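Every number in this text was worked out from the coordinates using simple rules, so none of it is lab data. Everything quoted here is computed from the prediction, not taken from an experiment. Because the Cβ atoms are built from the backbone with ideal geometry, glycine has one as well, and the counts that use them run over all protein chains shown.
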Number of protein chains: 2
Amino acid sequence: MASLNFDHSSIFNNNPLDPEEFRRQGHVMIDFLADYYLNVEKYPVLSQVEPGYLRQRLPESTPYNPEPIETILQDVQEHIIPGLTHWQSPNFFAYFPSSGSIAGFLGEMLSAGFNVVGFNWISSPAATELETIVVDWLGEMLKLPKSFLFSGNGGGMLQGTTCEAILCTLVAARDQMLSKIGRDNMRKLVVYGSDQTHIALQKAAKIAGIHPKNFRAIKTTKSTSFALSPDLLHFQICKDIEAGLVPLFLCATVGTTSTTAVDPVGALCHLAKDYGIWVHVDAAYAGSACICPEFRHFMDGVEGANSFSLNAHKWFLTTLDCCCLWVKDPSALIKSLSTNPEYLRNKATDSRQVVDYKDWQITLSRKFRALKLWFVLRSYGVAKLRNFLRSHVKMAKVFEELVAMDKRFEIVVPRNFAMVCFRILPTAMGERQPKRPSHQNGNVDNGHKVLEEEEESSNEVNQKLLESINMSGRVFMTHAVVGNVYAIRFAVGATLVEERHVVMAWKVVQEHATAILSTN
Amino acid sequence: MASLNFDHSSIFNNNPLDPEEFRRQGHVMIDFLADYYLNVEKYPVLSQVEPGYLRQRLPESTPYNPEPIETILQDVQEHIIPGLTHWQSPNFFAYFPSSGSIAGFLGEMLSAGFNVVGFNWISSPAATELETIVVDWLGEMLKLPKSFLFSGNGGGMLQGTTCEAILCTLVAARDQMLSKIGRDNMRKLVVYGSDQTHIALQKAAKIAGIHPKNFRAIKTTKSTSFALSPDLLHFQICKDIEAGLVPLFLCATVGTTSTTAVDPVGALCHLAKDYGIWVHVDAAYAGSACICPEFRHFMDGVEGANSFSLNAHKWFLTTLDCCCLWVKDPSALIKSLSTNPEYLRNKATDSRQVVDYKDWQITLSRKFRALKLWFVLRSYGVAKLRNFLRSHVKMAKVFEELVAMDKRFEIVVPRNFAMVCFRILPTAMGERQPKRPSHQNGNVDNGHKVLEEEEESSNEVNQKLLESINMSGRVFMTHAVVGNVYAIRFAVGATLVEERHVVMAWKVVQEHATAILSTN
């Protein structure tokens, strides 16, 4: 029999989960990863491979016979690592951070090792109960109103990502509203955000079947630092009601993706309340900072919201994925998302004394995510976590000051947290610039046009600068466009980052800027 | 300064990701988990804790100061492990398996260690490219038609769970249909499954805004072994069309949750084609077996479907979560789910030469899931994987034969894969049974009623038997109710399971049955 050929395979003795073979290979992998962290600074941060590189290097099909872990890890080193963009590199300043940590990693390992499928309480009571505990712990650290905590008849949970958190709350709000106004009014429901709200809102609205014409991205401007204006929102709500539509859902943001703008949560909640609109506060990135008393004011007014979320996998040392979501009224989620098939019936559920998290989310199966957040909270503690976040803010300030000292650059919007938006000024571009008309002989229209051309030209130069910086492999940053201005985003938050990396990053920016400006 | 208090903390030297501290703690965790696997057989499989047990044992809030890993692991041992239901125990026969493996675990570790956020190609090209490669590899192992593979203009991906796979394909189908018939016809769309289809379909339909009245769970019966009848489906489709509704989506199942029934995929696809219905084939559990030539016929006809999925985290040695989804027309997914915010724009995306998986799924952020599936495929190889699955089927056969030898029991539905549905027969229940009327003196109505009473009474006894078995902690099984019959499900698939565990499980069943029948 063919099967006998493999009974004495050197790959594993008896079983794919043989404990001693697990131990051996596990230690090999730990050393591989520890070495990776030792060396991560040396790799080009942004992967330099070409599309399709990997298919050329790997076999066309699954091997027929087993391969040893050592061979596989050699391929990881040679073929996978060159294709990584190194989010754990201290020279990674792109997007928002994906801040790994030893504690987060260990929690993830333990979760993968237990490999329980915690859809309901009985399928692993510890998975559910620890989750209710850690979200209460973190909620208290954030000084969330008690109404969001289990201890106050609200409740929290760990979703994968903000996209899921927004979709779940939107669906709950949708069904709550439809139960009042009738199912056939679905096409009338309107969803609100700003033009800075994360794309997750629009995607959730599409998935939930909100009519695409009823998605409102209210325009923001530099005058409010790209925060959502309650007046403009109010105007739009009134217009929609006049048109026979039904305002449903507002996503307010604490720390937008492009510029970390903060919407005025209190004023928005106040307004929304008058119209029975569900308010979700998305603090995916900046929520973490709010465990520090000096940043807590950014989420003031949250007591008026229906739900609040932050991504512990962004700036809270917890491995991807871990989005913490709190809601005031878990029954709204449950009404929309619960299912009770016979094959999952059990006494604990029937007793109604337990939480079954499957009824709070999109999926049935769920990982034991609470372990990693629990490990992070305990391994570092409140004081260390605060100081860790503060150290990133401090480094961002250092970078900001460096930018401010170079007259060729400007800070595009005021810094709120650990992210700096900057650019080369149009005025730094010297001869190549279209001449700015003097006020004496240019009319206003022409002046505008020339200014626009200057801005466009500046945008091109900044884009060129960013590409040049990233292609060097020495650092990785990304960009945003706000108010027609192309800004380079410098987000401090990689766990391994130190001040020397920030200073070096600025040197890289200056070198590339000098080179680009001299050839213009 | 407060921060200085922790600079010389014994918890970690400099940084939460210090490589040498990572190495030290990582090795500690590997040993902890290896010991867990050594001992897992000794724990009660089903957790015996009471609701609320953990809150009584843990502090009320996050510690202010760091705690060492050793303290945390001691708490895991004392407080978390008693609250686990041990899915990795060889005595776990409940639900469907969550089959961990060394390779799956190592892949998960590597993914957590790199901690890249692979939403688009450029954010880590290897994450996207390896995913396209492994889904093609696995697709070929399954002999999926080329039209589902990248090499044939289709394509696959790794979602978290089947719930997400169904939601994404349903939304794609919905938007494709609405673009033809007009957005305002949303309330007319109808979704089809059987009463055995996984609850994921109904949940996806709710989330996607399908009118609750338009969800059809076609009744199945024992006569088709609880498979969906194309005739009954056809009848319902015609009825819906007559009522002015629009048939949209059908979920066919290969291996249902209750009894591993197999819907006739070919006939259903043929029917659906005539009405322009999107067919998704959900092979969450049983799809894995189809890599063996002798099981491949169960998915015959899949060439007529639009999409196909299986959960590698169920019965394919890959740690939760890993749902493999293949679609013939990725552009349908992309049309519904793509978003292109400025802050994610990059040259690779603009070149249209790369896959950006964020446009195929609900969420933006995504883990490097391909690593774990790649590790599983390479570590074990085609031959070993097939033999591993066959060994479970063989053990289920052994159990089936044991049941058949005990006249008190019956097999409720024919076994297809590695799951056996059985129960104590009503006739085994002796004196307590209501007497069955003889055909001579009972009329048919009375006879029916008595039979129903017998079945009800039998259901109660089987429920009691299952509870008694599970409370013993020695094994864990779950149940299903099909055709009003309460059946105990015995699913073989835990990675550490050996024939001796199956034989012992049957002895446990017999012992508890004898005790229960004697007290009745």
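For segment A:212-244, which residues satisfy the criterion of being surrounded by fewer than 19 Cβ atoms within 10 Å (Cβ to Cβ) and part of a loop (DSSP other than H, G, I, E, B)?
A:LYS219, A:THR221, A:SER225, A:ALA243, A:GLY244
What are the residues in segment A:461-472 that are assigned to a helix (DSSP H, G or I) and either in contact (Cβ under 8 Å) with a residue 12 or more places away in the chain or β-branched (Val, Ile, Thr) (or both), if any?
Correct list: A:VAL461, A:ASN462, A:GLN463, A:LYS464, A:LEU465, A:LEU466, A:SER468, A:ILE469, A:ASN470, A:MET471.
Considering only segment B:38-50, how many residues are touching a residue at least 12 places away in the same chain (Cβ under 8 Å) and at the interface with another protein chain (Cβ under 7 Å from one of its Cβ atoms)?
Total satisfying the criteria: 2.
Could you say whether any residue in segment A:97-111 is of a type in the set (Asp, Glu), under 30 Å from B:ASN39 (Cβ atoms) and surrounded by 21 or more Cβ atoms within 10 Å (Cβ to Cβ)? Explain how you work it out, then say what you get.
Within segment A:97-111, the first condition is being of a type in the set (Asp, Glu), and the residues that meet it are A:108.
Narrowing further to those that are under 30 Å from B:ASN39 (Cβ atoms): A:108.
Pick out the ones that are also surrounded by 21 or more Cβ atoms within 10 Å (Cβ to Cβ) and you get A:108.
For segment A:97-111, residues of a type in the set (Asp, Glu), under 30 Å from B:ASN39 (Cβ atoms) and surrounded by 21 or more Cβ atoms within 10 Å (Cβ to Cβ): present.
Within the group A:ASN185, A:ASN153, which residue is touching a Ser or Thr at 6+ places or on another chain (Cβ under 8 Å) and either under 20 Å from B:GLY160 (Cα atoms) or not small (Gly, Ala, Ser) (or both)?
A:ASN153
Only one residue in A:VAL116, A:VAL45, A:VAL40 is assigned to a loop (DSSP other than H, G, I, E, B) and in contact with a His (Cβ under 6 Å, 6 or more places away or on another chain). Which one?
A:VAL45
Among the numbered criteria (1) farther than 17 Å from A:VAL302 by Cβ; (2) assigned to a loop (DSSP other than H, G, I, E, B); (3) out of contact with any Lys or Arg (no Cβ under 9 Å at 6 or more places or on another chain), which one does A:LEU201 miss?
So the condition that A:LEU201 fails would be (2).
Which of the helices (runs of 4 or more DSSP H) found entirely inside segment A:276-392 contain at least 2 residues meeting this: aliphatic (A, V, I, L, M)? It would help to see each step written out before you state the result.
Values: elements: A:312-315, A:330-337, A:347-351.
Ranges flagged: A:330-337.
For segment A:51-100, how many residues meet the condition of being of a type in the set (Gly, Ala, Ser), within 7 Å of chain B (Cβ to nearest Cβ) and over 22 Å from B:ALA348 (Cα atoms)?
From segment A:51-100, those of a type in the set (Gly, Ala, Ser) are A:52, A:61, A:83, A:89, A:94, A:98-100; that's our starting set.
Restricting the remaining residues to those that are within 7 Å of chain B (Cβ to nearest Cβ) gives A:61, A:83, A:98, A:100.
Still in the list and also over 22 Å from B:ALA348 (Cα atoms): A:61, A:100.
Matching residues across segment A:51-100 total 2.
So, in segment A:246-280, of the ones that are closer than 23 Å to B:GLU342 by Cβ and among the β-branched types (Val, Ile, Thr), which residue ends up surrounded by the fewest Cβ atoms within 10 Å (Cβ to Cβ)? Steps first, answer last, please.
Just the residues of segment A:246-280 that are closer than 23 Å to B:GLU342 by Cβ, to begin with: A:250-263, A:280.
Right, trim to among the β-branched types (Val, Ile, Thr) and you get A:253-254, A:256-257, A:259-260, A:262.
Numbers: A:THR253: 28, A:VAL254: 29, A:THR256: 29, A:THR257: 25, A:THR259: 27, A:THR260: 29, A:VAL262: 23.
Top of the filtered list is A:VAL262.
Applying the selection to segment A:393-421, what residues are surrounded by fewer than 21 Cβ atoms within 10 Å (Cβ to Cβ) and in a strand (DSSP E or B)?
Selection gives A:GLU410, A:ILE411.
Okay, residues lined up against (1) more than 9 Å from chain A (Cβ to nearest Cβ); (2) in contact with a Leu (Cβ under 7 Å, 6 or more places away or on another chain); (3) touching a residue at least 60 places away in the same chain (Cβ under 8 Å):
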{"site": "B:SER124", "(1), (2), (3)": "no, yes, yes"}
{"site": "B:GLU164", "(1), (2), (3)": "no, no, yes"}
{"site": "B:CYS168", "(1), (2), (3)": "no, yes, yes"}
{"site": "B:MET177", "(1), (2), (3)": "yes, yes, yes"}
{"site": "B:VAL190", "(1), (2), (3)": "yes, yes, no"}
{"site": "B:SER194", "(1), (2), (3)": "yes, yes, yes"}
{"site": "B:THR197", "(1), (2), (3)": "yes, no, yes"}
{"site": "B:ILE210", "(1), (2), (3)": "no, yes, no"}
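Among the candidates B:LYS394, B:LYS358, which residue alone is within 24 Å of the chain's Cα centre (by Cα), more than 8 Å from chain A (Cβ to nearest Cβ), closer than 30 Å to A:ILE488 by Cβ and of a type outside the set (Ser, Thr, Tyr)?
Within the list B:LYS394, B:LYS358, the selection yields B:LYS358.
Can you spot a residue in segment A:101-109 that is under 25 Å from the mean Cα position of the chain (by Cα), facing chain B (nearest Cβ under 7 Å) and farther than 16 Å from A:ALA312 by Cβ?
yes
Pick from segment A:284-313 the residues that are among the aromatic types (Phe, Trp, Tyr) and under 23 Å from A:LEU271 (Cα atoms): which of them is surrounded by the fewest Cβ atoms within 10 Å (Cβ to Cβ)?
Among those that are among the aromatic types (Phe, Trp, Tyr) and under 23 Å from A:LEU271 (Cα atoms), it is A:PHE298.
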